[in-house]
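Rule-based calculations on the coordinates, nothing more; no lab input. Quick caveat, the model's predicted, so the values are computed rather than measured. Cβ placement follows ideal geometry from the backbone for every residue including glycine, while neighbour counts extend to all protein chains displayed.
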Amino acid sequence: MTAIAPLLSDPYHQSFAAFMAERREPEFISRLRQAAFARFETLGWPTRRQEAWRFTDLSDLQALTLQRPSTALIDAAALPSLEIPTHRLVFVNGRLAPGLSQVRELPERAMIAGFSQALPDHSALIEPVLDSLPGLQSHPFAALNTAFWEDGALIYLPRNAVIEEPIHLVFYATGGDMAVYPRLFLMLEQEAQATVVVECRGQGSYCNAPLAELQLSHGATLHYHQVQEESPQAFHLSGIRVRQSRASQTQLHLFSSGGQLARTDLEVLLDGEQAECLVNGLTLGQENQTGDYHLRIEHAQPHGTSEQVFKSVLEGKSRSVFDGMIHVRKHAQKTDARQTNRNLLLSRHAQAHANPRLEILADDVKCGHGSSTGFLDPDAEFYLRARGIPLAQARALLVHAFAKDSLTRIALTPLRERLDRVLATRLALDSLEGN
Amino acid sequence: MLEIRNLYATVEGREILNGINLIIRPGETHAIMGPNGSGKSTLANVIAGRDGYVVTDGEIRFDGKNLLEMDPETRACEGLFLAFQYPVEIPGVANLYFLKAAVNAVRKYRGETSVDAMDFWDLVHERMELVKMDESMLKRSVNEGFSGGEKKRNEVFQMAVLQPRFAVMDETDSGLDIDALKVVADGVNALRSPERGFLVITHYQRLLDYIVPDHVHVLVNGRIARSGGKELAVELEREGYALYNEEPGRARRAV
């Protein structure tokens, strides 16, 4: 007779029960948590036998995800800065740190607040929309986030509200083997405009699994940036769900350079005519890092435009995974959807996996995808050296040339410049001024 | 200035250079002519230090220093320049930025501080006129989308900015119409000086009407079969290389 292994979710059950016993919150949230937990139980812990998790080794992570975060304080000096005025919300170990946060003057009825703060007064706004976006239904970490999130950011812009200053969200973890599940809910009403920068970082060993829900009404514009610079021991498992109405525009810039394992699952539903979406990703990998992206762009309505541009620069034994799906529904005629994945390997031991996928049910569309992976061009390297430029600098120049158009697409100048410095530092270049 | 003694080199295991001897003194311009596959470009690449070109015997001395022990960037910093037969396109690296990086690399090697931005700009502008280059080419990526003529002009422009002591021109005339050829030749001639040496590699005598050499060498099967004055080029143009082709294609290299 075979021994029966204990149910995978048993420790989760205990953990969830303990968590729920402490919560004091509206019933609709409890219901969402229970439904999400049930979904997680059904999904189970991901294994590498599942296609979507084939390249994601989670064996070291499972114990971490059960550890509830501690309360901690951090020094403001540890926080990333954009060096311009911003609305800033800082979450330490998943909880709002009011002393480090500051929201400036906002248009009437607009809101940028911590969830826990806003919930008592704004249940009526939140209840119908929270966790209502489609996408990531089979993503266990999205389910875990909905079950276990403690706090997060709530951003609401009424019709025609335009916020010039970036909304700067910092999800910081202080380590000590714990899992944090920060949440972001953003809703832009008709013609509203916002720029959001989400920074994920921390120290030591932890799992950061934020979930963002971004909803855009007619004609709204969102520039969204996820800057992942987690600690080298960290696991990062983020989920982003987007729903766009007619003629709305999103730019989603995803920069990844930290963590031992960083994975982002993104689903965008273009749910109105003439919706536009750009997803621009840059991954820098070194040592044993894994940078992993799973994207699904769903064209549900005609005349939509989407573009995915993903690049990775891989050193050491690092790996990148790009799994990108464009799905065009039968009704979504005149869709223009493009996908590009380019990977630069700087070592013989680095690996890039590309899995571009198209599913097109409409018959009048423009869709294209391309993927390439290669090493630095030895002819270009020699050309630079033949002009006196040392080998290391020649290689760095070529890597920067490869990566920089990803950064050029970022309109938010202080962030673009900061990331360019991150890149220059990684490449040990003194200055890239003028290029 | 440049001394090549008994130089043997292989590419992918095949013997291409079979004992070259050549001495170029400061102020001299030497031309190397020869049929396709005679080893002309191999010689240029061996001098510049390109990977894949293996020297099996002999030596090259540059102002008495052992050139073959230096990596390519050190050779460049010592004052050697190779004008490429096929200049490489480098998307994403602006021409001007690249030049400044090169100038500063050479200055650093000499123990000098980085070039002053204004001085550099003045130098660049002055040299641009020399090769009739348009300012827009400075902002474009290195050689990207340049026509054949623009690429060759860019090589001469880089040489004019870097001011090497010795330059190897590897088939700088290939793919140029007569007007572009004159511009390139004028650029080279403007740089000729009593301190500077040139090695001009070409298949055709035409270039040597404009860059008039002091000495002409005929390279056949990896050896210098004949040397003479500038009149040798004219003779070759008339007679062709047939006289020298004892073993046709022996040194031809696969591309």
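Numbers at a glance
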| quantity | calculated |
| --- | --- |
| Per-peptide average of other Cβ atoms within 10 Å, ordering A:143-151, A:33-41 highest first | A:143-151, A:33-41 |
| Viscosity 0.890 mPa s, 25 °C: Kirkwood-radius Stokes-Einstein D of chain B over Cα pairs, µm²/s | 131 |
| Residue-averaged beta-carbon neighbours from other chains (10 angstrom radius) around B:104-113 | 2 |
| Label-to-label distance, nm, for residues given as A:R54 and B:D209 (7 Å Cα→Cβ offset) | 6.4 |
| Cβ crowding within 10 Å averaged over residues, with A:61-74, A:270-283 ranked highest first | A:270-283, A:61-74 |
| Label zone at B:D71, where the point sits 7 Å out along the Cα-to-Cβ direction: the range B:83-113 residues whose backbone N lies under 20 Å | B:98-112 |
| Counting DSSP beta bridges with both ends in chain A, the antiparallel % (nearest 5) | 5 |
| Distance histogram for the range A:377-435 (every C-alpha pair counted, 10 angstrom bins, percent rounded to whole numbers) | 23, 50, 22, 5 |
| Per residue, the convex hull volume that the Cα atoms of the range A:12-272 enclose (Å³) | 121 |
| Per residue, the convex hull volume that the Cα atoms of the range A:8-132 enclose (Å³) | 183 |
| Spherically averaged projected area in nm², based on the convex hull that wraps the Cα atoms of the range A:121-273 | 8.7 |
| Along each principal axis, Cα extent of the range B:16-130, largest first, Å | 48, 30, 29 |
| Chain A: most fluctuating residue of A:E105, A:E417, A:E307 per GNM, C-alpha cutoff 10 Å | A:E105 |
| Ordering of A:394-400, A:13-19 by packing [mean C-beta count within 10 Å, highest first] | A:394-400, A:13-19 |
| Average beta-carbon neighbours from other chains, 10 Å sphere, peptide B:70-77 | 5 |
| Gyration tensor (Cα) of the protein assembly as shown, equivalent ellipsoid semi-axes in angstrom | 62, 25, 23 |
| q = 0.15, 0.19, 0.20, 0.23 Å⁻¹, the range A:89-177: log10 I(q)/I(0) [Debye, one scatterer per Cα] | -0.69, -1.06, -1.15, -1.33 |
| Pairs beyond 23 Å (Cα-Cα), from B:K65/B:K100; A:K404/B:K100; B:K40/B:K152; A:K311/B:K100; B:K152/B:K182; A:K311/B:K152 | B:K65/B:K100; A:K311/B:K100; A:K311/B:K152 |
| GNM top mover of B:P35, B:P91, B:P164 - chain B, alpha-carbon springs below 10 Å | B:P91 |
| Exposure proxy order (Cβ contacts within 10 Å, fewest to most) of A:Y206, B:Y86, A:Y293 | B:Y86, A:Y293, A:Y206 |
| Backbone HN-Hα couplings from phi across the range A:260-274 [Karplus 6.51/-1.76/1.60, Hz, Gly and Pro as x] | 7, 9, 10, 10, 10, 10, 10, 10, 10, 10, 8, 9, x, 5, 6 |
| Label zone at B:A117, where the point sits 7 Å out along the Cα-to-Cβ direction: the range B:136-162 residues whose backbone N lies under 12 Å | none |
| Relative contact order (percent, whole number), chain B, Cα cutoff 8 Å, 6+ residue spacing | 29 |
| Efficiency of FRET between A:S372 and B:V54 - r from beta-carbon atoms, R0 30 angstrom, step 0.05 | 0.45 |
| Cβ neighbours within 10 Å from other chains - mean over B:96-103 | 5 |
| Top of A:M178, A:M20, A:M325 by mean-square fluctuation, Gaussian network on chain A, Cα under 10 Å | A:M20 |
| ³J(HN,Hα), Karplus 6.51/-1.76/1.60, whole Hz, each residue of the range B:50-55, x for Gly, Pro | 6, 4, x, 9, 9, 7 |
| Length-normalised contact order of the range A:12-272 in % [C-alpha pairs under 8 Å, at least 6 apart] | 17 |
| Once the Cα gyration tensor of the range A:279-411 is diagonalised, semi-axes √(5λ) in Å | 34, 16, 11 |
